[in-house]
Amino acid sequence: MKKSLLLFLALCAPALAQKFPGLALTPPMGWNSWNTFANNINEAVVRETADAMVANGMRDAGYIYIVIDDAWERKTRDEKGNLVADPEKFPSGMKALGDYLHAKGFKFGIHSCAGTKTCSGYPGGRGHEFQDALSYASWGVDYLKYDWCEHGTADARETYKTMRDALYTAGRPVVFSLCEWGQNKPWEWATDIGHLWRTTGDIYDSYDGRKSWEMGWKRILDLQYTLVDSNGPDGLGKFAGPGHWNDPDMLEVGNEGLTFAESRAHFSLWCIIAAPLIAGNDLRHMKPEVHAILTNKELLAIDQDALGKQGFRQLADPTKHIEVWAKELSNKEWAVCALNTSATAEDITVEWKRLWPIEGEYQVRDIWAKKAVGDTTKPYTARVDSHDVLLFKLTPIKK
């Protein structure tokens, strides 16, 4: 890449600077390699995963972004400073892989980092933003996950703006995912920079565990409510909406650290909080019950509801081992999720009259049971396994 061209692109960027409009109007859905494969990703795995997602219906259910995470690149840039795919892991190169995914009906996603190196020690994007953006465009990249390792004293907002400007200048529409871990409160400044932004450290396949910077999904869920003080009932929700989403990290549904109940609850609550649904399990070898979770049409419709409201915690009663979260939907409907926080099975009662601001009377459908269960004139009680949920859709009763 000639330095004169890169300088020209950089000088033009301020006049062109914006994120691509019209993308991610609902939370992005897809698959990312990291949670299962970490650094051991390769071309064969990506192609096999794409093939599996076509065969098992996940693509048609809406999981269209296939994102290759860290460690796809060679350890050094080439003599012109360009990123190069590891020739052993990706012998066909990124352009050919992108073409393969596009031919299968997917969008192509890739990972890089805002620092000098990625979290796994590969070349980062700092100082190469416009050069890298041109490479991504030439490969057909549709989604960029941009991490935050080795950033030194860099200002997060300005650093991510630079990459946004580079992507826009390169001219290929890209969903821009800011993986900044919530360290600089991106929800306060990232709406005009990216389409989604991480709110916390990394997830791992645990209910509420903690190790180093990684957290179980329940800890991350609680942070979506508590990261913002004095913000009413919806925590981070006021910052989310069509084209700009809070990202509590990828899904651990189906991974070995979670029980079936915990996987189901994890997925249910990610849909309630309008989270991006980026699967992280091995989709080539998936149990039928896990597939049934990830492809539940009624639940996906809650996550993808066009109103774009992020759900919020309405009730937390530790004495009764219950939390209730709710999400406002289109057509004056609501989704309500009741979580059993106990280590044992419990009888859980949902008292509809306590769920402000839900007012009026509604018909109630149990989504996981796939049946109507009455209306909101009377409380609803059911036996719920440890760390499992009841999930309802409420439809107004017309009078």
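Couple of notes before you dig in:
- Enumeration of residues in region 83-125 that are polar (S, T, N, Q) and surrounded by fewer than 16 Cβ atoms within 10 Å (Cβ to Cβ): SER92
- Restricting attention to region 337-348 and to residues that are more than 25 Å from the chain's Cα centre (by Cα) and assigned to a loop (DSSP other than H, G, I, E, B), the residue that is surrounded by the most Cβ atoms within 10 Å (Cβ to Cβ) turns out to be SER342.
- Looking only at region 349-365, and only at residues there that are touching a strand residue (DSSP E or B) at 6+ places or on another chain (Cβ under 8 Å) and not in a strand (DSSP E or B), the one that is farthest from GLU333 (Cα to Cα): ARG354
- Filter result (in contact with a strand residue (DSSP E or B) (Cβ under 6 Å, 6 or more places away or on another chain), within 19 Å of ASP247 (Cβ to Cβ) and outside any helix (DSSP H, G or I)) within region 300-336: GLY308, LYS309, GLY311, ARG313, TRP325, LYS327
- Filtering region 35-57 to residues that are under 21 Å from THR118 (Cβ atoms) and surrounded by fewer than 21 Cβ atoms within 10 Å (Cβ to Cβ) leaves PHE37, ALA38, ASN39, ASN40, ASN42, VAL45.
- Qualifying residue in region 243-257 (condition: in contact (Cβ under 8 Å) with a residue 60 or more places away in the chain and closer than 23 Å to ARG383 by Cβ): no
- ILE193 vs. criteria among the β-branched types (Val, Ile, Thr), touching a Lys or Arg at 6+ places or on another chain (Cβ under 6 Å) and either surrounded by 23 or more Cβ atoms within 10 Å (Cβ to Cβ) or in the same structural domain as TYR65 (by TED's automatic domain parsing) (or both): yes
- The helices (runs of 4 or more DSSP H) found entirely in region 13-131 that carry 3 or more residues being within 16 Å of TYR143 (Cα to Cα) are 93-103.
- Failed criterion for PHE267 (all others in (1) among the hydrophobic types (A, V, I, L, M, F, W, C); (2) more than 14 Å from the chain's Cα centre (by Cα); (3) in a helix (DSSP H, G or I) hold): (2)
The values are calculated or read from the model by the stated rules, or taken from the named source; none is laboratory data. Everything numeric here is computed off the predicted structure, so don't read it as measured data. No Cβ is skipped: glycine too gets one built from the backbone with ideal geometry, and neighbour counts run over all protein chains shown.
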